[in-house]
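Structure record follows, encoded as structure tokens.
The values are calculated or read from the model by the stated rules, or taken from the named source; none is laboratory data. As the structure is a computational prediction, the values presented were derived from the model and not from experiment. When we count neighbours, we look across all protein chains shown, and the Cβ atoms used for this are built from the backbone with ideal geometry, even at glycine. The protein model used for the area step is the full one, side chains on, heavy atoms only, and it has no ligands, DNA or RNA in it. Shrake-Rupley method; radii C 1.70, N 1.55, O 1.52, S 1.80 Å.
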Amino acid sequence: MAGFVPPPPPPAPPAPPKPDEKVDYFDLPCPIPYEEIHREALMSLKPELFEGMRFDFTKGLNQKFSLSHSVFMGPTEIPSQSSETIKIPTAHYEFGANFIDPKLMLFGRILTDGRLNARVKCDLTENLTLKANAQLTSEPHMSHGMVNFDYKGGDYRTQLQLGNGALFGASYIQSVTPYLSLGGEVFWAGQHRKSGIGYAARYNTDKMVATGQVASTGMVALSYVQKVSEKVSLASDFMYNYMSRDVTASFGYDYILRQCRLRGKIDSNGCTAAFLEERLNMGLNFILSAEIDHRKKDYKFGFGLTVGE
């Protein structure tokens, strides 16, 4: 009896399969605005590249009001009929004022070349938001303005746009499942006597975002973002214009480290770019920007400092 070993217990019965969760189509999430459906891909593939030297300083006067100063020195490309890129050295200073409130945000910028930029965002109600932006310049026919009304419903968004030059636009996007949203837009440019219509689809989960957009202007845009982890994401896009027959595909990455953020891309035109933002100290960031266009033999490099939050 001392050497008797009791038999092992019988295996536990398999757990019953979980029933499929039913989708409540009367409680779908609100989608992002139609104009931002490629937001995640643009953050990785379209960083704010620049060439030359840039210095930005922001000083907060109180919790809502702050002033900013920016200095930029670097070459500017000018139009040319030849294949070579022509650049001229430029420099300018920019003064800005910002007012940020939970329901009202005002941004103003004025440059030494005479340009004045202004942006307004105002929450008229809990669901209705007013957005406006304008640029005034001394050059004839170069000033423009735009006003947007954004209405946020329970599971849809709609926008109305009014701009100078008799520009009218409207868009609507609707969540049809917890992950899929569909939308469309129409616009009319009275000054140029042009109109158009477009459609878009967006599918997003916790790990990926896929979007597609087509318009009667000839534009076809596809993008895909894969979230490898909380700090790493990969992105790709495909742009095609069936009127001009222009095709561009690009692949990029977005890597967030403890003290810096690195973004980069390479496209089918032979253009490679990288953008680094490193946090040196509280309120002090160092920026590196690089872009190489092998086809045009155009090489751009920039560095800068950002002081203030």
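A few notes on this one:
- Segment Met73-Leu257, extension gain: residue separation times 0.36 nm, minus the distance between their alpha carbons: 63.3 nm
- With θ taken as phi - 60° and the Karplus curve 6.51 cos²θ - 1.76 cosθ + 1.60 applied, the whole-hertz 3J(HN,Hα) list for the stretch 95-101 is 10, x, 9, 10, 10, 10, 10 Hz, x standing for glycine and proline.
- Helical contribution to [θ] at 222 nm, DSSP H n ≥ 4, -39,500 (n - 2.57), averaged over the chain, rounded to 500: -500 deg cm²/dmol
- The mean accessible area for residues of the chain, using a 1.4 Å probe and ignoring ligands and nucleic acids, is 65 Å² per residue.
- Between the beta carbons of Lys87 and Ala249, assuming R0 = 22 Å, the FRET efficiency works out to 0.20 to the nearest 0.05.
- Relative contact order for the stretch 24-160: 18 percent, from Cα pairs under 8 Å spaced at least 6 residues apart, divided by residue count.
- The simple spin-label model puts a point 7 Å past each Cα toward its Cβ; for Met43 and Tyr203 those points are separated by 2.2 nm.
- For the stretch 59-212, fraction of C-alpha pairs farther apart than 25 Å, in %: 54 percent
- Low-density loop cleavage sites - chymotrypsin sites (Phe, Trp or Tyr not before Pro) in the stretch 216-257, where at most 13 other Cβ are within 10 Å (DSSP): Tyr242
- Portion, in percent, of the accessible area of the chain that falls on carbon or sulfur, probe 1.4 Å: 62 percent
- Each semi-axis of the equivalent ellipsoid for the stretch 42-130 is √(5λ) with λ an eigenvalue of the Cα gyration tensor; in descending order they amount to 32, 18, 13 Å.
- Cβ-Cβ FRET estimate between Val307 and Leu182, R0 fixed at 45 Å, reported to 0.05: 0.55
- Mean separation of Cα contacts under 8 Å (6+ apart) over length of the stretch 155-253, as relative contact order %: 15 percent
- The candidate values are (i) 101, 51, 45; (ii) 49, 49, 36; (iii) 65, 46, 41; the one derived from this structure for Cα extents along the principal axes in Å carries the label (i).
- Restricting the trypsin sites (Lys or Arg not before Pro) of the stretch 130-235 to loop positions (DSSP other than H, G, I, E, B) with no more than 11 neighbouring Cβ atoms within 10 Å leaves Arg193, Lys207.
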